[in-house]
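Student: Here's a structure for you.
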Amino acid sequence: MNSITKLLSRAALAAMVALPAMTAAQAAEITIAVGSEASTLDPQKRDDGGERAINDNIYETLLARTPAGELVPGLAEALPTQVDPLTWEFKLRPNIKFTNGEAFNADAVVKSVARIIDPNFASEQMSYFGTIAKAEKVDDLTVRVVTTGPDPILPSRMYWMKMVPATYSDDPAFQTEPAGTGPYKLSTWTRGQEVVLEKNPDYWGDAPSIDTVRFRFIGESGTRMAGLMAGELDVITNLLPEFVESVPKSAAVQGVETSVIILSTENEATKDERVRKALNLAIDRQALADSLYSGFALPTKGQLVNPRAFGFNTALQPYPYDPEQAKALIKEAGAEGKTVTLVGEAGRWLKDRELIEAVGNYWEEAGVKVDYRIEEFGEYLNQLFDRKKRPDAVFVVNSNELLDADREMSFAYMPNGTASSNNDPDLAAWVPAARVETDVEKRKGIYAQATQKAHDHYYLVPLLNMQDVYGFSARLEWQPRVDAKLLAKEMKVTE
Amino acid sequence: MGLFILRRLFQGFLVVLGVTLVVFVATRMVGDPAQVMLPLSATAEQRAAFEHKFGLDRPMAEQFVDFIGDLATFDFGESMWQRRPAMDVIAGRLPNTLKLIAAGLGLAIVLALPLGALAAIRPGGFADRITVFLGLFGLSLPQFWLGLLLIMVFAVTFKVLPTSGYGGWTHFILPAVTLALPAAARLMMLVRSSVIDELNQQYVRTARAKGLRFPQVLFGHALRNALVPFITLAGWEFISALAGYTVVVETVFAWPGLGLTAMQAIKFSDLFLLQAIVFTVAIGIVLVNIVLDVIYKLIDPRIKLA
């Protein structure tokens, strides 16, 4: 009897000692939910958020960004130096290996560049790398990247280009069995279910505190929420603002997306500058941010350019909310009761339909009639991209991953841009000039001019800069990043 | 019987062909995959390259001829989203969906038969009222809401089952129940009314008069005769699950099956994958119908297969 008691108490003691050890072991594993499954694990092929979420932890780039968005050295030892207007020289960190054993060196960089810009490879990421002509090896740890024209954004581009091994990247297996230089490597990929990453023991940088990262694919936001509340998940993305109170922990960070309505300067309804001004003054942006997004959005400051991006014009004032002046302007322009067609879509971006309808309501209060055209996404894109027949007003959300004003300029400011609706000769000249201006201050000056001009003539109705909202389990500690990358090496768990 | 099956297979072939052709045209009318799948900032050249890669820049008639040619070899081309043969994607997902339907429909049948028969013994009685109430409740449950409710109760509050995903047998329970409950309600109501009808037939009185016990009459005769409409509805439930309900259930539970894949194919405007899914589902429907006809014959030899 006595010996049994002893045995039991010993077992209990052992269990008590073992328990903290076990929770510590569990703490080294986290689960992240992403909305869609990666289509491939080749980091250079697709432009796919599901792929990026995983590969951001496996692969690295020559330059990186701090969580706040500042460009810092990554696989390169320092920021690049310019040899001439077309040539940028990168010094590489020594003694770095890919997880398949290949060395990271100039050959790997040359290969990574050549591979992604190869027309036969048809990378969907080419919109980021269109200006790159080639990369040349100088010595084992020095590489020069050559552009087709002067390209001041090249450093930002190299923050987006993932470095792949020189030889193994030609192997068909590369698409499903990645080999990077990053803090994690692939453990298993069960199609349709999950991707599991484990710590790369030979990582050159600081060892991450989390050993195993599990990515699960859950498209339905209610299901993601439930997983977080049940303790199965540690990180969920795109948490709906109204659920922030219900999850154990949440965090928000200024995001890369900004909503805007592009007004056509050529159409009858919106040709008059007074009308375009009225359409801007009629909107209470702060109220939209508070009511639709529970405050997880910031009113834009008179421009579409992302506040974190190079080229953001700090001198511009936000368009004030002045419904009386808006009404007066509409009357003065003789636009009272005239119809403005507002083209948009529903379901692609957070609360897009609600936002479009709320803006339309403000416009109607100012005195115009609004013809809402909420289209199926394909049809919506047809109208958004239609260069011949611009809608009076078209809603879109611009995303600026490279955090450089050239994106907004090429998309919505420059005449004949992807979705722009003005014919301003100055913008037509300035935007391409800024794109090749390598003098940083001069370039900033051009963007200041351009944003000012568009602001003064009301070409756009910039709406809200969205925040990315994340839900965390109680044990997870992480500062979300401006660039929305889910970097597990920056995450920690407390138990 | 053999001739019958052959004839039905031929008819089924025509149906599948017809459905697939409709899908071919319909998917090309709505949405341009090059626009939907590439980022908004993609250049015109990129879009052109994308269309060229998938042959979408060719005349519709030419695409159509190729499509028919490939159809013969079950080649539906490469999924634009997953970038591997569409049939490979389906091969990985279809078994998960079939397992889910088997679990869900099996559960529905196991619930519906005894409950329906129990309710029918004394129409208007206590057991009947309870089951009819539950049946109506089950019929009026929106599946999407039911799934989330079950997750909130069993996974979030009591933490006894996983919220979503695919894995061990515990992952089956909530999605299978979500799929089963509305189907069980429909099936149960049908069993109830058919058994009531049968119990009012003359042959039941005769059987009772010659001394058969009630359970023998109920299970041996009435329920067996009620099986024909039951099988029809069960088959219909299978088809509806394959072509519709699993889309909802798999989305809620992040179940890696055909339904969820169909949702994603639509979201990404992945024409090739969507075509392949519709083709697979159409084949499934045709096969289920043939199997049903054969089962009728086995249950009731009086039925003539024409």
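The values are calculated or read from the model by the stated rules, or taken from the named source; none is laboratory data. What you see is a predicted model, and the numbers here were worked out from it, not measured in a lab. Note: ideal-geometry Cβ built from the backbone for every residue, glycine included; neighbour counts use all protein chains shown. To get the accessible areas, we keep the full protein, side chains included, count just its heavy atoms, and leave off ligands, DNA and RNA. Shrake-Rupley method; radii C 1.70, N 1.55, O 1.52, S 1.80 Å.
Student: Once each part is reduced to its C-alpha centroid, what is the distance from the stretch A:400-446 to the stretch A:244-287 in angstrom?
Tutor: Cα centroid of the stretch A:400-446 versus Cα centroid of the stretch A:244-287: 20 Å apart.
Student: Related question: Round to the nearest 10 and give me the degree value, 0 to 90, for the angle of helix A:106-117's Cα axis relative to the longest principal axis of chain A.
Tutor: 40
Student: For B:LYS99, go through the aspartates and glutamates and keep the ones whose alpha-carbon is under 13 Å away, minus same-chain ones fewer than eight residues off.
Tutor: B:GLU250
Student: Next question. Hey, what's the stretch A:59-170 come to in accessible area per residue, 1.4 Å probe, Å²?
Tutor: Solvent-accessible surface per residue comes out at 37 Å².
Student: Can you list the residues in the stretch A:105-154 whose accessible area drops by at least 40 Å² when all protein chains are present, compared with the chain alone? Use a 1.4 Å probe, heavy atoms only.
Tutor: By number: A:GLU124, A:SER127.
Student: May I pose another question? Report, as an integer, the average count of C-beta atoms from other chains found within 10 Å of each Cβ along A:222-234.
Tutor: Other-chain Cβ atoms within 10 Å of each residue's Cβ, averaged: 6.
Student: Right, here's the next one. Which angle from 0 to 90°, rounded to the nearest 10, does the C-alpha axis of helix A:352-366 make with the longest principal axis of chain A?
Tutor: 20
Student: For helix A:2-27, what angle does its Cα long axis make with the longest principal axis of chain A, in degrees from 0 to 90 and rounded to 10?
Tutor: Rounded to the nearest ten degrees, it is 30.
Student: I need the phi-derived Karplus couplings for the stretch A:203-214: 6.51 cos²θ - 1.76 cosθ + 1.60, θ = phi - 60°, integer Hz, Gly and Pro marked x.
Tutor: Once rounded to whole Hz, the list reads 4, 6, x, 4, 5, x, 8, 9, 7, 10, 10, 10.
Student: Kindly give the semi-axes, whole Å and largest first, of the ellipsoid equivalent to the stretch B:1-149, taking each as the square root of 5 times a Cα gyration tensor eigenvalue.
Tutor: Semi-axes from the Cα gyration tensor: 46, 24, 14 Å.
Student: While we're on this one: Rg/Rh for the stretch A:194-341: what does it come to with C-alpha atoms and Rh from Kirkwood?
Tutor: 1.15
Student: Which ³J(HN,Hα) values in Hz, rounded to whole numbers, follow from the phi angles of the stretch B:156-165 under the Karplus curve 6.51 cos²θ - 1.76 cosθ + 1.60, where θ = phi - 60° and Gly and Pro get x?
Tutor: Along the stretch B:156-165, the couplings run 8, 6, 8, 6, 9, 9, x, 5, 6, x Hz.
Student: Specify the inter-centroid distance of the stretch A:51-93 and the stretch B:238-277, based on alpha-carbon positions, in whole Å.
Tutor: Cα centroid to Cα centroid, the span is 40 Å.
Student: Structure shown: which of A:LYS271/A:LYS453; A:LYS91/A:LYS162; A:LYS489/B:LYS159 lie over 18 Å apart, alpha-carbon to alpha-carbon?
Tutor: A:LYS489/B:LYS159
Student: Turning to a different aspect of this structure: Using a 10 Å cut-off around each Cβ of peptide B:36-49, what is the average number of partner chain Cβ atoms that fall inside?
Tutor: Shielding by partners across B:36-49 averages 6.
Student: Using the crude model of +1 on Lys and Arg Cβ and -1 on Asp and Glu Cβ, and no other charge, please compute the dipole size for chain A relative to its Cα centre, in debye to 20.
Tutor: 580
Student: Ratio of the stretch B:94-256's C-alpha Rg to 2.2 N^0.38 Å, to two decimals?
Tutor: Output field value: 1.18.
Student: Still on this structure, please answer the following. Rounded to the nearest 100 Å², what is the sum over both chains of accessible area buried where B meets A, with a probe of 1.4 Å?
Tutor: In total, this chain pair buries about 3000 Å².
Student: I would also like to ask the following. With the full set of protein chains in place, find how many percent of the accessible area of the stretch B:2-72 is carbon and sulfur; take the probe as 1.4 Å.
Tutor: 72
Student: If you don't mind, there's one more thing I want to ask. Tell me, how many Å apart are the Cα centres for the stretch B:6-49 and for the stretch A:350-389?
Tutor: 28
Student: Send over the semi-axes of the stretch A:255-467's equivalent ellipsoid, whole angstrom and largest first, taken as the square roots of 5 times the C-alpha gyration tensor eigenvalues.
Tutor: For the stretch A:255-467, the ellipsoid semi-axes come out as 25, 19, 17 Å.
Student: Then there's this: Any idea which of B:VAL160, B:LEU258, B:GLN63 is furthest toward the positive side of the dipole for chain B, if Lys and Arg beta-carbons carry +1 and Asp and Glu beta-carbons -1?
Tutor: Of the options given, the answer is B:VAL160.
Student: Once the Cβ-Cβ distance between A:GLN175 and A:LYS271 is put in as r, and R0 is 51 Å, what FRET efficiency do you end up with, to the nearest 0.05?
Tutor: Step by step, r from the Cβ atoms, then E = 0.50.
Student: Dipole size in debye (nearest 20) for the stretch B:2-72 around its Cα centre, Lys and Arg Cβ +1, Asp and Glu Cβ -1?
Tutor: Charge dipole, the stretch B:2-72, about its Cα centre: 380 debye, nearest 20.
Student: Something else: Take each of the peptides B:242-248, A:187-193, B:53-59, average the number of other beta-carbon atoms within 10 Å over its residues, and list them starting from the highest.
Tutor: Taking the mean over residues of other Cβ atoms within 10 Å, the ranking is B:242-248, A:187-193, B:53-59.
Student: Could I ask something else about it? At 25 °C and 0.890 mPa s, grab the translational diffusion coefficient of chain A from Stokes-Einstein with a Kirkwood Rh over Cα pairs, rounded to a whole number in µm² per second.
Tutor: Estimated diffusion coefficient is 99 µm²/s.
Student: Okay, next question. Can you tell which of A:ASN200, A:MET158, A:ASN423 lies farthest toward the positive end of the dipole of the protein assembly as shown, using +1 and -1 charges on the Cβ of basic and acidic side chains (Lys, Arg; Asp, Glu)?
Tutor: Farthest towards the positive pole: A:ASN200.
Student: Take the alpha-carbon positions of the stretch B:200-295, form their convex hull, and give its projected area averaged over all directions (one quarter of the hull surface) in nm².
Tutor: For the stretch B:200-295, the mean projected area of the Cα convex hull comes to 8.5 nm².
Student: For chain B, list the DSSP H helices whose alpha carbon atoms reach 18 Å or more along the long axis and whose average Kyte-Doolittle value is 0.5 or above?
Tutor: B:2-29, B:86-121, B:126-139, B:170-199, B:223-240, B:271-299
Student: Among the aspartates and glutamates, select those whose C-alpha is under 19 Å from the C-alpha of A:LYS388, and discard any that sit fewer than 8 residues away in the same chain.
Tutor: In chain and number order, the partners are A:GLU266, A:GLU268, A:GLU375, A:GLU379, A:ASP424, B:ASP32, B:GLU45.
Student: Add +1 for every Lys or Arg and -1 for every Asp or Glu among the other residues with Cβ under 14 Å from the Cβ of B:MET1, and state the total.
Tutor: Around B:MET1, the surrounding residues sum to +3.
Student: What does the structure give for B:143-151 when I average, per residue, the other chain Cβ atoms found within 10 Å of the residue Cβ?
Tutor: 2
Student: At q = 0.20, 0.22 Å⁻¹, what log₁₀ I(q)/I(0) does the stretch B:1-62 have when each alpha carbon counts as one equal point scatterer in the Debye sum?
Tutor: -0.82, -0.91
Student: Moving to a separate point now. For chain B, what is the accessible area per residue in Å², given a 1.4 Å probe and the full set of protein chains?
Tutor: Counting only protein heavy atoms, the per-residue value for chain B is 48 Å².
Student: Which residues, if any, in the stretch A:181-215 lose at least 20 square angstrom of accessible heavy-atom surface (probe 1.4 Å) when the other protein chains sit next to their chain rather than the chain being alone?
Tutor: Output list: A:ARG191, A:GLY192, A:GLN193.
Student: Continuing with the same structure: Please name whichever of B:HIS52, B:GLY2, B:PHE13 sits farthest to the positive end of the charge dipole of the stretch B:2-72, dipole taken about the Cα centre and charges placed at Cβ: Lys and Arg +1, Asp and Glu -1.
Tutor: Working it through, the farthest residue towards the positive pole turns out to be B:GLY2.
Student: Any idea what the alpha-carbon Rg over 2.2 N^0.38 Å comes to for the stretch A:59-170?
Tutor: Dividing the Cα radius of gyration by 2.2 N^0.38 Å gives 0.99.
Student: Pairs of Cα atoms under 8 Å, at least six residues apart: use those to get the relative contact order of chain B, whole percent.
Tutor: Relative contact order here is 28 percent.
Student: Continuing with the same structure: Name the long-range amide H neighbours of A:ALA64: under 5 Å, sequence gap of 5 or more, or other chain; modelled H, no Pro or chain starts.
Tutor: A:VAL72, A:GLY74
Student: Something else now. Over the stretch A:255-467, what is the relative contact order in whole percent, taking alpha-carbon pairs under 8 Å and six or more residues apart?
Tutor: Once divided by the residue count of the stretch A:255-467, the mean separation gives 37 percent.
Student: Counting only protein heavy atoms and using a 1.4 Å probe, what share of the accessible area of the stretch A:255-467 belongs to carbon plus sulfur, as a whole percent?
Tutor: Roughly 48 percent, rounded to a whole number.
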